[in-house]
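One structure below.
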Amino acid sequence: MDDTALAEFLRARRALVRPEDVGLDDAAGDTRRRVTGLRREELALLAGVSADYYVRLEQGRGHRPSEGVLDALARALRLDDELTEHLYALARPAPTAVRTGERVSDSVQEMLDAWTTTPAAVTSRRMTVIGANALACELAPCYTPGTNLLRSMFLDADTHGVLVDWDTAASDLVANFRARIGTERDDPGLKELIGELSLHSQEFRELWARYDVRTTMAGTKAYRHPEVGVISLRYHAMSLEAGQVLTVHYASPASPDEQSLALLATLVGSAPQRGYQ
């Protein structure tokens with residue numbers, strides 16, 4: 001069991017549960033409260049465990065919790081299925097496998113290049129773009145291979161202007177990153193990335209501290225393009241091997257966005273060839 005990671009998770013998620021959400025209305029009106037969310041003893045009561053036992057868990061010195069305790073904690077913390085799965089993974093980590101996947105295969109890149117009317121990109125576990133087609137790069141500079149989406153989102157001011165709903169996109173990206181890396185903490189590259197973002201971005205620090213774990217496989221995202229204007233596209237993400245994820249964007253049929261996407265494709269077709277690998 002990764003005691004430190006489990007403790008961080010419990011503290012972060014406890015801070016997000018409001019007393020009134022779990023029937024503690026009197027506590028919610030207590031002006032003497034000095035904690036955000038529930039107190040430790042309140043959560044212990046809701047989970048049906050002793051306060052001393054729960055304190056030990058949050059201090060990283062508890063014994064391995066039983067499945068019954070984990071289920072009770074998940075209910076008390078109001079965790080969804082994905083967060084509950086992550087709680088279990090922290091309490092019962094599997095052996096760390098050797099991770100690769102920092103390079104897209106030639107066959108996948110050939111597929112990307114064949115999609116001349118569909119923006120598509122592949123990212124690694126560290127959220128680095130490792131493959132993309134020309135239309136994706138034209139849609140948003142952050143999809144240029146070699147770009148880390150987290151660094152672009154939180155450290156590149158231009159990305160704020162490209163994404164219409166930056167706040168939602170940033171929240172989803174951090175939660176997806178949490179889900180993608182799972183319980184792994186030994187990767188030096190991950191440590192360096194998280195440390196850099198935490199040092200230089202308050203927005204990242206705040207979102208990272210929430211400990212949201214969420215896999216978003218489909219949705220809608222709007223971009224601002226200097227020549228096409230605002231274009232709203234649906235996207236769908238698909239898992240590949242070695243932790244890689246392929247994300248494909250497309251427009252609703254017969255919509256103004258479909259026309260804008262077609263115009264974007266003509267801009268790519270008329271531009272000088274650039275290297276996207």
Inset, instruction - Only residues that are under 30 Å from VAL17 (Cα atoms) and hydrophobic (A, V, I, L, M, F, W, C): list them for the range 210-235, please. - result: VAL213, MET217, ALA218
Inset, instruction - Inspect the range 94-103 for any residue being modelled with pLDDT under 90, farther than 30 Å from GLU8 by Cα and of a type outside the set (Phe, Trp, Tyr) and give the result as yes or no. - result: yes
Inset, instruction - For LEU70, state whether it is of a type outside the set (D, E, K, R), assigned to a helix (DSSP H, G or I), under 30 Å from GLY23 (Cβ atoms) and not assigned by TED's automatic domain parsing to the domain that holds GLN202. - result: yes
Inset, instruction - Working carefully through the options ALA169, ALA222, ALA179, ALA175, find the one that is modelled with pLDDT of 95 or more, assigned by TED's automatic domain parsing to the domain that holds ALA262 and closer than 30 Å to ASP3 by Cβ. - result: ALA175
Inset, instruction - Could you tell me whether LEU193 is within 22 Å of ARG78 (Cα to Cα) and part of a helix (DSSP H, G or I)? - result: no
Inset, instruction - Look through the range 168-194, keep the residues that are basic (Lys, Arg) and touching a residue at least 40 places away in the same chain (Cβ under 8 Å), and return whichever of them is farthest from PHE154 (Cα to Cα). - result: ARG185
Legend entry - Evaluation of ASP186 against (1) surrounded by 14 or more Cβ atoms within 10 Å (Cβ to Cβ); (2) more than 30 Å from SER260 (Cβ to Cβ) (one fails), failing number: (1)
Inset, instruction - Of all residues in the range 43-63, count the ones that are farther than 18 Å from ALA15 by Cβ and in a helix (DSSP H, G or I). - result: 3
Inset, instruction - Kindly check whether there is at least one residue in the range 268-276 that is among the aromatic types (Phe, Trp, Tyr), more than 30 Å from LEU77 (Cβ to Cβ) and outside any strand (DSSP E or B). - result: yes
Inset, instruction - Could you list all residues from the range 126-148 that are part of a loop (DSSP other than H, G, I, E, B) and out of contact with any Phe, Trp or Tyr (no Cβ under 9 Å at 6 or more places or on another chain)? - result: GLY146, THR147
Inset, instruction - Look at the range 1-27 and say how many of its residues are assigned to a loop (DSSP other than H, G, I, E, B) and at pLDDT 85 or above. - result: 4
Inset, instruction - Considering only residues that are out of contact with any Phe, Trp or Tyr (no Cβ under 7 Å at 6 or more places or on another chain) and surrounded by fewer than 19 Cβ atoms within 10 Å (Cβ to Cβ), look in the range 195-207 and name the one that is nearest to ASP156 (Cα to Cα). - result: HIS200
Inset, instruction - Could you list all residues from the range 222-248 that are closer than 20 Å to ALA175 by Cα and in contact with a Phe, Trp or Tyr (Cβ under 6 Å, 6 or more places away or on another chain)? - result: ARG234, THR247
Legend entry - In the range 101-125, residue farthest from the chain's Cα centre (by Cα) [restricted to those that are without any contact (Cβ under 8 Å) to a residue 60 or more places away in the chain and not in a helix (DSSP H, G or I)]: SER105
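The values are calculated or read from the model by the stated rules, or taken from the named source; none is laboratory data. Since the model is a prediction, treat every value here as computed from it, not as a measurement. Ideal geometry is used to build each Cβ from the backbone, glycine not excepted, and the neighbour counts take in all protein chains shown.
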